[in-house]
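Novice: Before I ask anything, let me first share the structure, which is written out below as structure tokens.
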Protein chains: 2
Amino acid sequence: MIGMGTEKTIAFVLYPGCTILDLVGPLQVLSTLAAMRPEFRVIVVAERLEPYETDTPLQVRAGHTFADVPSPDVVVVPGGGAPTLRAMTDETLLAYLRGGARLTTSVCTGSLILGAAGLLDGRRATTHWSMLDALPEFGATPVRERWVADGPVLTAAGVSAGIDMALHLTEELGGIDLARAVQFAIEYDPEPPHGKLNWTEAPRPLYLAVVGQWLRDGLGDHPLAERLATRLQNAG
Amino acid sequence: MIGMGTEKTIAFVLYPGCTILDLVGPLQVLSTLAAMRPEFRVIVVAERLEPYETDTPLQVRAGHTFADVPSPDVVVVPGGGAPTLRAMTDETLLAYLRGGARLTTSVCTGSLILGAAGLLDGRRATTHWSMLDALPEFGATPVRERWVADGPVLTAAGVSAGIDMALHLTEELGGIDLARAVQFAIEYDPEPPHGKLNWTEAPRPLYLAVVGQWLRDGLGDHPLAERLATRLQNAG
């Protein structure tokens, strides 16, 4: 069994259909940390060890089941569209997240899964910009930042924000020199071709429709679907 | 057979042991493009349809073999450490890259595979900062930029630079409005915890040793190993 020794185990959680960059951004950062500091062990866990679809044509496979690694020190939960909303009702996954990791982290809409597991109650948290107003459903205070640390919970904004969050976590786990070494290793010196996002141009009405479809596809007639849709519409 | 119609096929090339963020950064960007504009089809290709190891604990699997998709319009080649140098002598992979795509792109040390395939001769190109001085071995002029476009070849700098390169490519393929829509979708508004890299602090002597080990592990006694090592040492 893993995670019982003095090494710290960081477990990345896979579920079918997740957004793959949500997972791989922090996975690359923290695997680079683990290559430099062997007291950290990075693993990928899932309910089953079979190839899972992602939101891209890449299929992925975990190396361990939830049962193999019941008590990791750190858990990372990726987000996505309809499959992530579906995962909010996956009791096996939720039970795993309630297992008491010292730190539970999420990227993008992965924070909604944390919310469904009851981990965000009374916490400050973030998620993909289009879903931020859904967080109070879980007792959370939404915060518009790249990542938000609140006690045993660390949540990141949408998709690519997982890289920033993981570099912050690397510094928390191993210090600033190590975080800088990882940043050089992955040459993280970002230059978006047209600079940062101009938030006055965010396509909010489009996303209200897109997220509404995700809620219907992922949650069907589960009462959460309507409650979350109402929160987003009232805020939008 | 795919890629014979009016749709444009963008093929991501997998090989064992590649750096997974090199692949997934552009894959997320261009899959988001394809979700918005169905005339683009994104696929993942490899020699075999079996799970491959990556440089992290995540295993990945392609959806198509090279033989399934002999003539994609755009090819994306990820980089990595020793496995990427090994891939420079993989004649099946090199033959696939010589297949005449309209645009061949790489991330990180993936450009060395393009070089081994003869695609960089007389071209301006880039790669991971630690390997830049190896590029003249392939007749290329090394350029220290986030991405470098030269005719049918588009190369990106290390690992995370693939995201910037893919947003540039999205604009080339679909225009600036589409590139901005993709940037909002993946919330690419980067905030490295301590800002951009300070290149005066780059750990160059450390990487000279690390890359030397990759060359020995990946290329063994192949003459390229010593030629590349000599170029890096003379420049370092």
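What follows is calculated from the coordinates using simple rules that are stated; it is not laboratory data. All figures in this text were calculated on a predicted structure; none of them were measured in a lab. Glycine also receives a Cβ, built like all others from the backbone with ideal geometry; neighbour counts cover every protein chain displayed.
Novice: Among the residues of the stretch A:1-55, which ones are in a helix (DSSP H, G or I) and among the charged types (D, E, K, R)? It would help to see each step written out before you state the result.
Specialist: Within the stretch A:1-55, the first condition is being in a helix (DSSP H, G or I), and the residues that meet it are A:20-36.
Result: A:D22, single match.
Novice: For the stretch B:158-195, name all the residues that are at the interface with another protein chain (Cβ under 9 Å from one of its Cβ atoms), among the small types (G, A, S) and within 20 Å of B:I10 (Cα to Cα).
Specialist: Listed by number, the residues that qualify are B:S160, B:A161, B:A179, B:A181, B:A185.
Novice: Please go through the stretch B:66-87 and pick out each residue that is out of contact with any Leu (no Cβ under 6 Å at 6 or more places or on another chain) and not small (G, A, S).
Specialist: Across the stretch B:66-87, the qualifying residues are B:F66, B:D68, B:V69, B:P70, B:P72, B:D73, B:V75, B:V76, B:V77, B:P83, B:T84, B:R86.
Novice: Also, I was wondering about something else. So, in the stretch B:71-123, of the ones that are β-branched (V, I, T) and part of a loop (DSSP other than H, G, I, E, B), which residue ends up surrounded by the fewest Cβ atoms within 10 Å (Cβ to Cβ)?
Specialist: The initial filter retains those residues of the stretch B:71-123 that are β-branched (V, I, T), namely B:74-77, B:84, B:89, B:92, B:104-105, B:107, B:109, B:113.
Now narrow it down to the ones that are part of a loop (DSSP other than H, G, I, E, B): B:89, B:107, B:109.
Values: B:T89: 15, B:V107: 35, B:T109: 31.
My answer is B:T89.
Novice: Follow-up question, since we're still on this one. Looking at this structure, is B:G162 over 21 Å from the mean Cα position of the chain (by Cα) and among the small types (G, A, S)? I'd like the intermediate steps shown before the answer.
Specialist: Numbers: over 21 Å from the mean Cα position of the chain (by Cα): no; among the small types (G, A, S): yes.
Here the answer is no, as B:G162 does not meet what is asked.
Novice: What pairs come up if the first residue lies in the stretch A:7-20 and is free of Cβ contacts under 8 Å to residues at least 40 places away in the same chain and away from every other protein chain (no Cβ under 12 Å), the second is in a strand (DSSP E or B) and surrounded by fewer than 24 Cβ atoms within 10 Å (Cβ to Cβ), and their beta carbons are under 9 Å apart, counting only those six or more places apart or on different chains?
Specialist: A:E7/A:F40; A:E7/A:R41
Novice: Here is a further query. I'm checking my understanding of the structure. Among residues of the stretch A:56-66 that are out of contact with any Phe, Trp or Tyr (no Cβ under 9 Å at 6 or more places or on another chain) and of a type outside the set (V, I, T), which one is surrounded by the fewest Cβ atoms within 10 Å (Cβ to Cβ)?
Specialist: First, pick out the residues of the stretch A:56-66 that are out of contact with any Phe, Trp or Tyr (no Cβ under 9 Å at 6 or more places or on another chain): A:63-65.
In the following step, the residues that additionally are of a type outside the set (V, I, T) were identified as A:63-64.
On the way: A:G63: 19, A:H64: 17.
Only one residue fits best here, namely A:H64.
Novice: I'd like the full set of residues that are buried (at least 24 other Cβ atoms within 10 Å of the Cβ) and either of a type in the set (F, W, Y) or at positive phi (or both), limited to the stretch A:148-170.
Specialist: Result: A:V159, single match.
Novice: Test A:P205 against the criterion of being within 13 Å of chain B (Cβ to nearest Cβ) and under 30 Å from A:T32 (Cβ atoms), and give yes or no.
Specialist: Working: within 13 Å of chain B (Cβ to nearest Cβ): yes; under 30 Å from A:T32 (Cβ atoms): no.
Spelling it out, it is not the case that A:P205 is within 13 Å of chain B (Cβ to nearest Cβ) and under 30 Å from A:T32 (Cβ atoms).
Novice: What's the number of the only condition in (1) in contact with a helix residue (DSSP H, G or I) (Cβ under 6 Å, 6 or more places away or on another chain); (2) in contact (Cβ under 8 Å) with a residue 24 or more places away in the chain that A:E191 fails to meet?
Specialist: Evaluating A:E191 over (1) in contact with a helix residue (DSSP H, G or I) (Cβ under 6 Å, 6 or more places away or on another chain); (2) in contact (Cβ under 8 Å) with a residue 24 or more places away in the chain leaves (2) as the failure.
One line per residue, one yes/no per condition, for (1) in contact (Cβ under 8 Å) with a residue 60 or more places away in the chain; (2) of a type in the set (F, W, Y); (3) over 25 Å from B:T54 (Cα atoms):
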{"position": "B:C108", "(1), (2), (3)": "yes, no, no"}
{"position": "B:D121", "(1), (2), (3)": "no, no, yes"}
{"position": "B:E137", "(1), (2), (3)": "yes, no, yes"}
{"position": "B:R146", "(1), (2), (3)": "no, no, no"}
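Novice: Inspect all residues belonging to the stretch B:60-69 and state whether any of them is more than 9 Å from chain A (Cβ to nearest Cβ), farther than 21 Å from B:P152 by Cα, hydroxyl-bearing (S, T, Y) and assigned to a strand (DSSP E or B).
Specialist: Step one: list which residues in the stretch B:60-69 are more than 9 Å from chain A (Cβ to nearest Cβ), which gives B:65-69.
With the extra rule that they be farther than 21 Å from B:P152 by Cα, the set shrinks to B:65, B:67-68.
Adding the requirement that they be hydroxyl-bearing (S, T, Y) leaves B:65.
Now restrict to residues that are assigned to a strand (DSSP E or B): B:65.
Taking every residue of the stretch B:60-69 in turn, at least one turns out to be more than 9 Å from chain A (Cβ to nearest Cβ), farther than 21 Å from B:P152 by Cα, hydroxyl-bearing (S, T, Y) and assigned to a strand (DSSP E or B).
Novice: Restricting attention to the stretch A:18-64, and to residues there that are within 21 Å of A:W214 (Cβ to Cβ) and of a type in the set (S, T, N, Q), which single residue is nearest to the chain's Cα centre (by Cα)?
Specialist: Filtering the stretch A:18-64 for residues that are within 21 Å of A:W214 (Cβ to Cβ) and of a type in the set (S, T, N, Q), the one nearest to the chain's Cα centre (by Cα) comes out as A:T19.
Novice: Could you list all residues from the stretch B:211-220 that are within 14 Å of chain A (Cβ to nearest Cβ) and surrounded by 15 or more Cβ atoms within 10 Å (Cβ to Cβ)?
Specialist: Once the filter is applied, which keeps residues that are within 14 Å of chain A (Cβ to nearest Cβ) and surrounded by 15 or more Cβ atoms within 10 Å (Cβ to Cβ), the stretch B:211-220 yields B:V211, B:W214.
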